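Working notes, structure below.
Values in this text are rule-based calculations from the coordinates and carry no lab data. Only a predicted model underlies this, so the values are computations on that prediction, with no experimental measurement involved. We place every Cβ from the backbone using ideal geometry, glycine too, and count neighbours over all the protein chains shown.
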Amino acid sequence: MTRTPSLRLAFPLTCLTAAFALSGCISTVGKVVTAPVRIASSAVDMATTSQSEADEKRGRQMRERDEKLGKLQRQYQRHLKECDKGERDSCSKARDDYADIQNLSGSA
């Protein structure tokens with residue numbers, strides 16, 4: 001039994017055509033198979049904080065604390081000067097400012 005020349009050409013041509021036609025399907029199958037892994041890894045990324053993010057957050061908290069401490073110290077000095085001039089209300093404010101400064105300094 002001998003094959004005719006048209007059959008010899010038809011089989012490779014059919015295989016080549018099928019390969020091009022199925023390449024999109026294979027790509028889609030690959031995406032579907034890896035989708036759960038990609039979704040899980042994004043969920044883990046969103047749920048965890050990297051070390052650099054934690055460092056940035058800590059630095060921001062320290063700067064905010066220092067700014068608040070500086071503001072309290074300026075306010076304390078102003079109230080203390082007013083207290084020295086005889087303003088009794090400023091004396092109690094200066095004491096409150098000093099207590100706030102001590103509380104904020106102790107939380108470092």
### Message
No solvent, one uniform scatterer per C-alpha: report log10 I(q)/I(0) for region 50-108 via the Debye equation at q = 0.28 1/Å, two decimals.
### Response
-1.02
### Query
When only C-alpha pairs under 8 Å and at least 6 residues apart count, what is the relative contact order of region 50-108, in percent?
32
### Query
DSSP loop trypsin sites (Lys or Arg not before Pro) in region 52-92 with at most 16 other Cβ atoms within 10 Å of their Cβ, which ones?
K85
#### Entry: Spacing of the two label points (7 Å from each Cα toward its C-beta) at T17 and R58, in nm
6.7
## Note on the structure
Proxy exposure order for I101, I39 (fewest C-beta within 10 Å first) is I39, I101
